[in-house]
Amino acid sequence: MSEGQRGVALTQSERDSLVDYALTLINQARSDAGVNELTLDTNPAAQSHAEQSRDACTRGHWGTDGMKPYMRYTLAGGEQYASENVFAIDFCPEDLSNYDLETPREQIDFAMDRFLNSPGHRQNILDPHHRKVGIGITYRAPTIWFVQLFVGDYVEYQTKPTIDSGILTLSGRTKNGAHVSSDTGTIAIYYDPPLEPLTRGQLSRTYCYSNGLAIAGIRPPPGDDWSYAEDETTIDVDSLQCPDPYDIPSDIPPPMSGDEAHNNWQQALDTSRDRATHQLTYPWITADEWTSDSENFTISADISKLLAQHGDGVYTILLWADINSDRIPISEYSIFIPPLP
């Protein structure tokens, strides 16, 4: 088909053309906002999520395999942080006679307009720390599935985060202005329970996602002649109330019409807009080794007690770094226990 012929699946060349077009729109928005343009990330996580969502007729950030964006990104070889936008539907009609079918290119225009008029999605598109974006696009009449996965480019691992006999180890070098300091550096560990398959009914009632539950922080060893005063920290958390599909019964029915799909989406959006502030207390784990200079770092810590407490699941390691005057997590790396087959 010519690009966007109505009702026909995309060829590879057509998809490539649409990806280039989507990247141009993203960079135009960033240029208009005065932030750096992005290059295309070759990590396949965005495209695989678009294809899985199309095949299952689902929308949102979770996959039918129960995975969130940062988990998919890690499994696809990603080492940076990852932040996702998704445009999709979860009602796939067989009868298209009542639809005015727009071309995929026209739908990308529409999706970008929706993203840029949604505060959270717009903030993601315009984040000045992003350096690359993975783009996934698939088509099944009457709509596209359009995934944007924004990532950094601040770390190259020599040893990717690994847990062996309860010891977490990671090493590598930072780049593009990032610096892992032995004075201010920290690692945060987040936990998600073991993955379970998710149904269309569950996924149709989601909107945003979280990084899981913060369960520990790792800090450098204290210097000579001093020690830490506290073994735990309490922080105020102000977060969106993202509906969790695991809290929704698996036998809840999927949407049977476009209106029902929209109503499910609207209810999930309304729930997500309710912010809640609460206090979260989690333990500090003092690293056994934490060496770093202007570029290189090596870190190891015993997290065996943490593993015994929480058991099987997904442990996501957030490595924080300084970039100019900002502190951001430059890497979001998921470790599956037990390992996936």
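The values are calculated or read from the model by the stated rules, or taken from the named source; none is laboratory data. Just so it is clear, the model here is predicted, and its values are computed rather than measured. Note that we place each Cβ from the backbone using ideal geometry, even for glycine, and neighbour counts take in every protein chain shown.
For region 54-83, which positions are farther than 16 Å from PRO339 by Cα, among the aliphatic types (A, V, I, L, M) and crowded, with 21+ Cβ neighbours inside 10 Å?
ALA82
The rows are residues; the columns are (1) touching a helix residue (DSSP H, G or I) at 6+ places or on another chain (Cβ under 7 Å); (2) within 19 Å of ASP127 (Cα to Cα); (3) assigned by TED's automatic domain parsing to the domain that holds TYR207.
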residue: THR24; (1), (2), (3): no, yes, no
residue: SER31; (1), (2), (3): no, yes, no
residue: ASP55; (1), (2), (3): no, no, no
residue: THR64; (1), (2), (3): yes, no, no
residue: PRO104; (1), (2), (3): yes, no, no
residue: PHE110; (1), (2), (3): no, no, no
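Which residue pairs have Cβ atoms closer than 6 Å, lie 6 or more positions apart in sequence or on different chains, and pair a first residue in region 272-294 that is farther than 18 Å from ASP183 by Cβ with a second residue that is surrounded by 15 or more Cβ atoms within 10 Å (Cβ to Cβ) and among the aromatic types (Phe, Trp, Tyr)?
Here the result reads SER272/TYR207, each pair linking region 272-294 to a residue that is surrounded by 15 or more Cβ atoms within 10 Å (Cβ to Cβ) and among the aromatic types (Phe, Trp, Tyr).
Where the second residue is outside any loop (DSSP other than H, G, I, E, B) and of a type in the set (A, V, I, L, M) and the first is in contact (Cβ under 8 Å) with a residue 40 or more places away in the chain and lies in region 247-270, which pairs have Cβ atoms under 7 Å and are six or more apart or on separate chains?
Between residues of region 247-270 that are in contact (Cβ under 8 Å) with a residue 40 or more places away in the chain and residues that are outside any loop (DSSP other than H, G, I, E, B) and of a type in the set (A, V, I, L, M), the close pairs are PRO255/ALA261.
Working only within region 107-128, note down all residues that are in contact (Cβ under 8 Å) with a residue 60 or more places away in the chain and surrounded by 21 or more Cβ atoms within 10 Å (Cβ to Cβ).
ILE108, MET112, ILE125
Can you tell me which of (1) loosely packed, with under 15 Cβ neighbours inside 10 Å; (2) closer than 30 Å to GLU260 by Cβ; (3) at pLDDT 95 or above is the one GLN28 doesn't meet?
Unmet condition: (2).
Could you tell me whether any residue of region 302-309 is of a type in the set (A, V, I, L, M, F, W, C), buried (at least 20 other Cβ atoms within 10 Å of the Cβ), farther than 25 Å from SER210 by Cα and more than 22 Å from the chain's Cα centre (by Cα)?
no
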